[in-house]
Every structure is written in structure tokens, then in C-alpha cells.
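Report on the following structure.
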Amino acid sequence: MRTEPSQPLRVLVTGGAGFLGSHLCERLLEAGHDVLCVDNFYTGTRANVAPLLAHPRFELLRHDITFPLYVEVDRIFNLACPASPRHYQLDPVQTTKTSVHGAINLLGLAKRLHAPILQASTSEVYGDPAQHPQTEDYWGHVNPIGPRACYDEGKRCAETLFADYRRQHGLDTRIARIFNTYGPRMQPADGRVVSNFIVAALRGEPLTIQGDGWQTRAFCFVSDTVDGLVRLMDLPDSCPGPVNIGNPAEFTVAELAALVHEILGRPVRVVRQTLPADDPKQRCPDIAAARGKLGWEPKIELRDGLTRTISYFKARLTGG
Ligand SMILES: NC(=O)c1ccc[n+]([C@@H]2O[C@H](COP(=O)([O-])OP(=O)(O)OC[C@H]3O[C@@H](n4cnc5c(N)ncnc54)[C@H](O)[C@@H]3O)[C@@H](O)[C@H]2O)c1
């Protein structure tokens, strides 16, 4: 079972200035580690890590992981990759390069350093799943040439590379398949459903529901997701995964819209839009492996997490 590392380590977090990465950097500093945050600021910002810049054990390096990186660290979390469809579809070739070339560069670094490396993979590797809920042994249902493929297939190829570096080079690789995560520091205009709904509701605009609103998502609060990633990396016995990290409580998009309005105490106003291509209809993790191997399950309920996220966006939209 899980044990905390006994001594401070030098930990590299790629994509550390992004939404998830900045929370992970914070958590690692709290645990007493030295953190090297590497980011090209494609979707991440210095503002996300501004409170950490003065920390004596925090270092920030602007670097694009599609180019090799030579640093000395004990552990690597590879989170660099735009995660929202709006962002990863802006430059799909760069998105694939970030996943594939980025994985090759970081796996090469991990091999040289004999360092454990964790890949932030995604539930998108399951595509529009034919199995529900999704277990880690489900191979997925992905359109390899659709508009989401740069992300889905890039992440799938990165998983392949992680598995092959383990088989071929004996590297200690770990793969987390992260499901929809939300919380403070999401970007207001990133097009993800939680931020879309909260921002629209705070502005008094109707919420845009794509399709009939019956498609389901499972929303995990960011502190829970980060806890899962840290536990996976902290496992003393190498645990290659993949391990699903997500909240198995399933909500329809329409239910999410209603809950946002309820928390804000406003009547529901929605407009409908057609569903984008290859949008998954159901998404829900089976987390038996995370429960069993990591002793992990999410703690924050959607209402609580949404309330905290709404407070963040309220402050951000009013410049607070
Ligand atoms: N948030 C989620 O719901 C979710 C779900 C599944 C998987 N993930 C994965 O977790 C990771 C972090 O996601 P996030 O939600 O924080 O997204 P994000 O866009 O906020 O963060 C990604 C970070 O990576 C950086 N980046 C992008 N390309 C880079 C490159 N070539 N070199 C260096 N840095 C680069 C960005 O600037 C940003 O700071 C991603 O790999 C994503 O695929 C996230």
C-alpha cells in the first residue's frame, strides 16, 4: 500500500503552469519536495504559479517539451498538453507533437536519470465508449481521423511509448487516465462544460447545452485528482497502470446546468446547440483499480466543488 517518500525529492512537473499542474506543484511543495515547473505557457500562465515564485524550493522554466530537456531530477510528472478541445484543436499538429515527441523526450530523460515518470493520460483514450463504465482494460472507440484525434490518438500513442519504455528499457512508468477535472484556475474561455456554465451563469447569460443534454460526464474536483496522481507516483512498488482517476458519480450535462443555477440561486436558462463531432455520449470511470491499488477515491462532492469553483470565477471575473 501507499507510503510517503521519506526524503525530499527533486520533482519535474511539465505543464506545471496549467490548471492541474499548478495545483500539483503546490501539493508537492507542501510535501517538502523541490519542484521544477516546466511550461511553454501555451495554455498555462505565470499567474497560475505566481504565489509559488518566491518559494525557495520552486523553480519555473519556460520550455517546449517537443524539444529535448536536460535537467537533473528524481521524478517526472508529464502533464504538458492542452486539455480543452478549443485549445488542442487550434494547432492539432502541435498537440500531437506535444503528446508524442514530448513523451519521447521525457521518457528519454527518465531513462537517463533512472527516474520514475508518470503520464497524465486521459479518459479520451476511450473515445466515445461502447463500454460503460470504463474499466482500464477497455481498448476504446476512437475516430483516428476526426477533429479530436490529435488529442485522443496523441495520448494513446504516448501510452504506447510509456508501455514500450517499460518493456524495452525497464523504466518505472506510471499512467493515470484522468477523467473530467474541474476547480479553481480553469480558464474562463477554455470551452470546458463546467467553466462555460459557471461563467455564463455569473454573467447572467443562458447556458449553452450541446445536443439534448442527456450526455453524461463524471466531474472530479482538482484536489481529488491531484491526490490520485501523487498516490500513484508514491506507490513504492512500481504500478504501471493505467489507472482511472475520476469521480464515478455520473451527471447529465443538463443536471450540471441545473446545479450551477441552484447554487447561484437563479432560474435555469439554457439554449441548445448541435453536438460537436465525436463528442462522447457517456463518460464514467470504474475506479476499482484506484481504490484497490492506491486506496484512493474522490472526497469532494459536486455541489461542494462547484461552490468553490464559482467563488474562484466570481473573484476572477470581477478582477478580485
Ligand atoms: N483537466 C482535465 O479534466 C483533464 C482530463 C484528462 C487529462 N488531463 C490531462 O492533464 C494534463 C493537464 O491538463 P490541464 O487541464 O491542466 O490543462 P492545461 O491546458 O491547463 O495545462 C496544460 C499545460 O501544459 C502546457 N503545455 C502545453 N503544451 C506544451 C509544450 N509543448 N511544452 C510545455 N508545456 C506545454 C500549457 O501551457 C499548460 O500550462 C494534460 O496533459 C491533460 O491532457 C486533464
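The values are calculated or read from the model by the stated rules, or taken from the named source; none is laboratory data. Note that this is a predicted model, so its numbers are computed, not measured. For neighbour counting, all protein chains shown are included, and Cβ atoms are generated from backbone atoms with ideal geometry for every residue, glycine included. Only protein heavy atoms, including side chains, enter the accessible area calculation; ligands, DNA and RNA are left aside. Shrake-Rupley method; radii C 1.70, N 1.55, O 1.52, S 1.80 Å.
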Among the candidates 170, 146, 154, residue that is within 16 Å of the ligand (Cβ to nearest atom) and either over 17 Å from the mean Cα position of the chain (by Cα) or not hydrophobic (A, V, I, L, M, F, W, C) (or both): 154
Checklist (1) over 18 Å from the mean Cα position of the chain (by Cα); (2) modelled with pLDDT of 95 or more applied to residue 132, failing item: (2)
Pair list, Cβ under 7 Å, 6 or more apart: the stretch 238-262 residue within 18 Å of residue 222 (Cβ to Cβ), other residue among the basic types (Lys, Arg): 243/177; 243/293; 244/177; 245/177; 251/217; 259/303
Members of the stretch 214-239 found to be in a loop (DSSP other than H, G, I, E, B), at pLDDT below 90 and in contact with a strand residue (DSSP E or B) (Cβ under 8 Å, 6 or more places away or on another chain), listed by number: 214, 215, 238, 239
Among (1) more than 12 Å from the ligand (Cβ to nearest atom); (2) among the polar types (S, T, N, Q); (3) farther than 22 Å from residue 249 by Cβ - the single one residue 131 does not satisfy: (3)
Any chance residue 306 is of a type in the set (A, V, I, L, M, F, W, C), open to solvent by less than 30 Å² (accessible area, probe 1.4 Å) and under 14 Å from residue 183 (Cβ atoms): yes
Output for the stretch 40-68, where each listed residue is open to solvent by less than 20 Å² (accessible area, probe 1.4 Å) and closer than 16 Å to residue 109 by Cβ: 65
Qualifying residue in the stretch 25-36 (condition: part of a strand (DSSP E or B), more than 7 Å from the ligand (Cβ to nearest atom), touching a residue at least 40 places away in the same chain (Cβ under 8 Å) and surrounded by fewer than 24 Cβ atoms within 10 Å (Cβ to Cβ)): no
Selection count, the stretch 78-107, where residues are touching a Cys at 6+ places or on another chain (Cβ under 9 Å) and open to solvent by less than 40 Å² (accessible area, probe 1.4 Å): 7
